[in-house]
Each structure stands twice: as structure tokens, then as C-alpha cells.
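Asker: There's a structure below that I have some questions on.
The values are calculated or read from the model by the stated rules, or taken from the named source; none is laboratory data. Predicted model, so just to flag it, every value in this text is computed and none were measured. Every residue, glycine as well, gets a Cβ built from its backbone with ideal geometry; the counts of neighbours run over all protein chains shown.
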Amino acid sequence: MFAYVLIVVTLALVLSALAERRAFQPALVVVMVGLAASYIPGIPLLELDPHFLLTIVLPPMLFSAARDFSFADFRRRMGSIVNLGVFLVFATTLVVGGATLGVLPDLLPIAALILGVVVAPPDAVAAISIGRRAGLPVGLMTVLKGESLINDAAALTIFAVLVAIASGTHAFIDNIPLYFLYAAGLGIAIGLLIGNLAQAARHLLSSPSLTTALSVIIPFAAYLSAEELHASGVLAVVAAGFAMGHHGVQAGYKERMQETSFWRTVDTLLETFVFAYIGLQLRFVIADANEAGFDAGELALATAAIFAAMVATRYAWIFGSALLARWRHRRLTQSGRGVAGQRRIQPPLSWKENIVLGWTGMRGVVTLAAAAGTPLIIAGGAGFPGREAIVSIAFLVTITSLLVQGLTLPLLIGWLKLDDPDHDHFVRAQRAHAEELTRIATDEALAAYAKSHPGPESARLVTIMRQRFRAEQKMEKPAGVATNEALAIGKLLLETRRTRLVTARDNFELDDTIVRDMLEKLDLEQAFMDSVAEG
């Protein structure tokens, strides 16, 4: 089986590379080829334990997305993210459960609700992968990423309670809202604790390889620790990722560069595997459903009805929430309470952005894992009611959402001509402010160096380094100088700029994303200096 998984990943990577060259959506190409390949005679079933998907595949994907996500952006869009990532999951569960009973009246209500919660959470991998390549505006991507990072926690919590009710067992806490508060609160606390402990340990490690190895352990440690205490492993991983991403600026530049490269590779491997796995399941899922008494017509009708209910609920919720958000934003703006220091007021998403947001609810790995994780039998030894319908329809809805929404999303974005001039202006202003802060920090550091190192040679080097910095800001070719003292001054200036940028971020003067972009450039510059010094 492991050899088969490696073959699938390898072929999926090749397909992704070919799709990128042709400007196609790699994820969708991999899914469609997987669908076709599943009908090749002799293709074996790639059946993975749902615990493997939830404990091995999901944590690193969530951790990578969270560590690259700006916590400041998350906080600014917190209302929209929680609204979609928690409350919409509850609403979708109820609406889809009702629609399921309408097309499959023989199904027990509890089984219909389980199917509803299984298909309720949009997937982080699908949304981010397809949305990023489709060119979604930054503000919309922030909401989409944030929703995808927390909705799994809400869905899996409801799923655990509903499965306990259906199987005649007991959940850790039978009350769903109370259980969610417990799971969310403790999960976040565990994730923050592990993330900050790992950050403290990272300061003691002097090897980039060791710090990267430590970052590999964190998502699994956070997830498993939280699950052991019946808390949300998903939120624990997300919180740990936020902590590591926020404090990552304090690590050495070599550690940052190696970790960034490593997690980008992990993202690519896991994304291609997940989409290939989804595609390869189709034939076997349909065969299992047919054996359970569902013909193709019933499956198609149920899939269409549930997909329609899912999309309609999302649109109704988004546009209903948008009316309330606009009213609230108008009141805050008029009263002046919408301004806090130098923080940017976040306007509600436009109607165009809400149309796209409603169409980005692709399902993925959590839906598949939850469906496959539905128990086979209940407490009395009988078969779990409606399990075959839950598993088969969940897979079909996932594939339908990926193909229908994923294929048409770029067309929808192009047709609506989405842009965000306010965000573009904000980014330009932030970059200008960051450049001004680094100029001031550089001048202060050079003045301090000249004062502490009197002499004509030091004065000459200080003048050259000042000219070099100004040339870099003007995108000109800087004067070259590579003496040991000049390299030492250069490293001092880089560290000074880093410190000033991070301080500005912590004081809410600069956006986290802007700071990370500038730090990445500083890291590359320091890597070049080190190579010159060593060569």
C-alpha cells in the first residue's frame, strides 16, 4: 500500500507540473485524471484509515497554512471568519439534513444530520489552492483562509456528538454548544502553549536542520495532545501555527529560509496527494453504494439536491450577514469608533466579493475523513444506520464541488472583474512607511557606528554603506564594497532594520504580511553577504 501511495503522489506531481505549464488548475487536473484512472481495470482501491487522514495528512496542512497566515489579518476579519467558520457550519448541517430527508425519506433523521455536518465545512486545501491560482483579492482570501482553518473544528465537534447519539454511546460532553466551547478553548490554549514552548526551544538550537525538524513535530504534537484531552486538535494546530508564524521573525535567517522552503514542499506533496486520492475513490464509492441498494439515479438526485442546498445556504448566510455587517460598519464609521490608533478599518466585502465567496465552498479531505470515520456498527451490534449513503454521497458531493465550483471559479472572477483599490492603496502606503522606517533605522545605526569607530577608514565605509542603501531604495546599482568591516556593518544594518520592522508590526504600525515580505528580502541579502564572506 505504501508503494502505491508513493506512485500516486509521483504521478500527481507530474500532472501538477504539466498543468502549471499549460496554465490549468493543477488540483482540478489531478482530480479529473484520478476519476478517469479509477475506472482502469486492475486499479486497486487506495483505502486509507480516516484516522490517517485526520492525524497524518490534516495537521501539517493546517499548520503550514496557519504559520503563513497573518494573525493581524485574521484578527481584523475575525467577525466574518467566526461567522462563516462556526455559525454557518451549524446552519449548513440543519439545512442539508433537511434536504437529505427530502430526497432520501427512508434515512433516519440522525443519519441525515450526520451527512449534513460531514459536508458542512469547506476545505482549506481546496479553497486556498484554487483560490490563490484563480487570483482572488487579498481581503477575500483572508476570510476564505480563516474560515477554512476553523470550520473543521466546528464540524468535527458536532460530528462527534451526533455519532455518539446515533450509536448509543456518549460523547465527552453531550451538549453541542458546551462541548464546542470546551473543545475550542482548550484546543487553542494547548496550541498556543506548544507553539510558544517550541519557539523557546528554537532559540536554544543553533542548526537550521534541527529547527526545521522541530517544526515538523509541532502540528502532530498539538493535534494529538488536544485530542487526548477531548479538545479540538484542529484549533490546537492552527493556534500553534499562528504562534510559530508570529514569532518566526525572531529566528535566524537561515532557519526561516529553510523552514519556508520545507513547508512549501510539504504543501505541494500533500495537496497533490489529497486531490489524487479524492479522484481515485469514485468507482469504489459508487460500487459500495450500489451494493447497499442505491442506484445511480438515486445517488445523482441526492448529490444534486444536497449540493444545491449547500450552495443556497452559503449564499443566503453570506448575503444576510453582509447586510448586518454593512449596517454595523456604517454605525462605527459615523460614530468614530471604527478607528483604533493606526489600525486600518476593514470595510465589509463588496457584493462582487460576496458572490465569489459564496461560490468557493469546495469540500475536501475533512469531509472524506469524517464520512469514512462513521462507525460500522452501533452499540447493540447492528449496522450504523445509513452509513453507505453518508459515505457515498459525501464523496460525490466533494467531487461535484471541486469540479463544478473549481472549474467555474476563475471564469466567475474574470467576469466580475474583482479588484480591491483600497487594499492596493493600503499596501503602497504600508510599503512606503516600511521603507521610511528602515531608512531611519539605517541612518541611526550608521551614525552610532561612526561615533563608536572614529577614523578615516570607518568614515569612508559608513559613507559607502549609506550610498549603497539609498541606491537600493531607488532600485539603482549600488556601489560595491566587500571588506570584512563593510560586511560587519552590513549585517549590523540588516539586524537593525529587522528589529525596527518587527517593532513596528508589534505596535500595529505595519501589516504582518508587509513585514514578512521585507524580512524575506533581508534574509536573501544576508545569505548573499555570508556567501561573499565565506568565498
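Asker: Answer yes or no: is there a residue in the stretch 379-386 that is touching a residue at least 24 places away in the same chain (Cβ under 8 Å) and outside any loop (DSSP other than H, G, I, E, B). Please lay out each step first, then the result.
Answerer: Here is the first cut: in the stretch 379-386, the residues touching a residue at least 24 places away in the same chain (Cβ under 8 Å) are 379-380, 384-386.
Within this subset, residues satisfying the condition of being outside any loop (DSSP other than H, G, I, E, B) are none.
Checked the stretch 379-386: no residue is touching a residue at least 24 places away in the same chain (Cβ under 8 Å) and outside any loop (DSSP other than H, G, I, E, B).
Asker: Which helices (runs of 4 or more DSSP H) sit wholly inside the stretch 198-290 and have at least 1 residues that are within 25 Å of Gly406 (Cα to Cα)? Step through it out loud before you land on a result.
Answerer: Numbers: elements: 208-228, 233-247, 253-280.
Correct list: 233-247, 253-280.
Asker: Taking the stretch 177-192, which residues are under 16 Å from Gly245 (Cα atoms) and surrounded by fewer than 19 Cβ atoms within 10 Å (Cβ to Cβ)?
Answerer: Matches in the stretch 177-192: Leu192 only.
Asker: Restricting to the stretch 187-224, what's the tally of residues that are more than 20 Å from the chain's Cα centre (by Cα) and at pLDDT 95 or above?
Answerer: Number satisfying all stated conditions: 1.
Asker: Give the number of residues within the stretch 372-386 that are of a type outside the set (S, T, N, Q) and buried (at least 21 other Cβ atoms within 10 Å of the Cβ).
Answerer: Matching residues across the stretch 372-386 total 2.
Asker: Still on this structure, I have one more. Looking for whichever is within 26 Å of Ile217 (Cβ to Cβ) and of a type in the set (A, V, I, L, M) here; the options are Leu54, Leu46. Which one fits?
Answerer: On the way: Leu46 fails: within 26 Å of Ile217 (Cβ to Cβ).
The conditions single out Leu54.
Asker: Kindly indicate whether Leu181 is touching a residue at least 12 places away in the same chain (Cβ under 8 Å), out of contact with any Pro (no Cβ under 7 Å at 6 or more places or on another chain) and not hydroxyl-bearing (Ser, Thr, Tyr).
Answerer: no
Asker: Please find, within the stretch 324-356, the residue that is modelled with the highest pLDDT out of those that are in a helix (DSSP H, G or I) and of a type in the set (Val, Ile, Thr).
Answerer: If we filter the stretch 324-356 for residues that are in a helix (DSSP H, G or I), which is where we start, we get 324-335, 351-356.
From the residues that got through so far, the ones that are of a type in the set (Val, Ile, Thr) too are 333, 355-356.
Values: Thr333: 72, Ile355: 92, Val356: 89.
Within the stretch 324-356, the match that is modelled with the highest pLDDT is Ile355.
Asker: With the condition being farther than 30 Å from Gly245 by Cα, modelled with pLDDT of 70 or more and among the small types (Gly, Ala, Ser), I'd like the helices (runs of 4 or more DSSP H) fully within the stretch 441-535 carrying at least 1 qualifying residues. Reasoning before the result, please.
Answerer: Values: elements: 456-473, 484-506, 512-534.
Filter on the stretch 441-535 gives 456-473.
Asker: State whether one or more residues within the stretch 167-178 are among the aliphatic types (A, V, I, L, M) and modelled with pLDDT under 80.
Answerer: Our first condition is that a residue be among the aliphatic types (A, V, I, L, M); within the stretch 167-178, this holds for 171, 173, 176, 178.
Adding the requirement that they be modelled with pLDDT under 80 leaves 171, 173.
There is at least one residue in the stretch 167-178 that is among the aliphatic types (A, V, I, L, M) and modelled with pLDDT under 80.
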